Structure formats: C-alpha cells, structure tokens
Amino acid sequence: MALRNRCTQKLRGSPKLIAKTDTMPAPAVFDPQPSHLGQLNGLSVTSGESTPLSTLDNRRNLNLRMTLLDGIYGICRVEGSVGSRAGVADWVDGPFWSATHTQEELSIVCLQELIPDQVLYEGDWRVLKVLGPLSFSLTGILAAISSVLAEAGVSIFSVSTYNTDYILVKYDRLEDAMEALTGRGVEFI
C-alpha cells in the first residue's frame, strides 16, 4: 500500500494541492486485461489480482484516455524559498500549475509565459493529462505510461494530484509521445 502525504494551503481564496509524495514499497502493477469488476474512464477496476508490470506483454493496450492541455509550460526552481513556509509567488497562475516544496527546493510548474526572467527554469514542456479521477486502488498507471514513453526515447516530468496524473513532455517530442501512447491504446480526447 502506498504511503501518501498531502499538504494543502489556502491560496487566493481556494484550497490548492501544493505537494504530493508517494512511496511504494512493492513493485508497481497494472493489468490492462483483467477480469472486470467495472470500468473507470477506460481503466479496468479489478479484485486486486494484477500482473507485475515487468511481465506485461509490450503489445498490450493501456486502455487510458488522455488530453493535451493548452499552452507551453516551464519547470522552475524558485530561489530563496528553501526551508521557509513562504507562499507561492504571485506570478504563478493559469489553468494548470503545481508547486512542490521540499527541504532542498521549491519547484513550480506553470505557463512559461508567466515565468519572470530572473527565475531558473527548464522550458518548452507540453502537458498530457490522464483523464480521471483515478481510484487510489489502481496501481502502475504512471509506470505503464512512462515505460511506453521510455521505449520511444521520450523524457518525461510527471505531476500527480489527488484525482489524476499529468505527464510533461518536451514540445519537440510531443508528436512522438502521442504516437507512442496512441499505439498502445491511449485515446486522446
């Protein structure tokens, strides 16, 4: 069972997920062809019997639905916020953003056009969203997606929220990523 830590903070009048960390002591599992107990956005919900991800046939479909978010995003390291309980900067905004604070850094993902010149960032990322919400009992989803993209030579940065997962891929590799995922049964909405 995964240990999940969540921290929420009121920002601009509404609660936002600030950070989520997952620790999985057992290998991730995902069974795209199980005995069905039900369907959740194309994902099969099973009785808990699963196949270890490492033994899955590479030709099996992921049976997921995803969407491409508008905009080009940057992944920032915000200096001066390490070890503090400082809030997220006012320039962080847009339809999708994420902030993760650790003892070593404050990382922010947001629209690249909003990032100030003095902030260190890696740019030109596009965001693929797994349509959810996803049940916490489902395992190996992110591992399955990242395996397909690794086979295609596409580097990723992932963000998980309470409801779902977001996969960031470089703008110049977006077509390769979507082609690889579509070839493995991902439907883009």
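Key figures for this structure:
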| quantity | calculated |
| --- | --- |
| Charge tally in the Cβ shell below 9 Å around residue 66, where Lys, Arg are +1 and Asp, Glu are -1, residue 66 excluded | +1 |
| Sum of side-chain charges, residue 114 neighbourhood, beta-carbon under 11 Å (Lys, Arg +1; Asp, Glu -1) | -3 |
| Per DSSP, loop chymotrypsin sites (Phe, Trp or Tyr not before Pro) in segment 66-148 with at most 12 further Cβ within 10 Å | 136 |
| Rough spin-label spacing in nm, given labels placed 7 Å along Cα→Cβ, for residue 102 and residue 188 | 3.1 nm |
| Residue-count net charge about residue 149 - beta-carbon cut-off 12 Å; Lys, Arg +1, Asp, Glu -1 | 0 |
| Shape parameters for segment 55-189, alpha-carbon atoms, Rg then Dmax in Å | 15.8, 47 |
| Inter-label distance for residue 117 and residue 136, nm, one decimal - labels placed 7 Å from Cα along Cα-to-Cβ | 4.6 nm |
| Positive-end residue of 139, 188, 153, charge dipole of segment 87-189 with Cβ unit charges | 139 |
| Candidates per trypsin sites (Lys or Arg not before Pro) in segment 85-189, loop by DSSP, up to 10 other Cβ within 10 Å | 85 |
| Label point distance in nm, residue 151-residue 65, each placed 7 Å from Cα along Cα→Cβ | 2.4 nm |
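The numbers here are math on the coordinates, done by the rules we state, and not lab data. These numbers were taken from a predicted model, which means no experiment stands behind them. Heads up, the Cβs are rebuilt from the backbone with ideal geometry, glycines too, and the neighbour counts pull from every protein chain shown.
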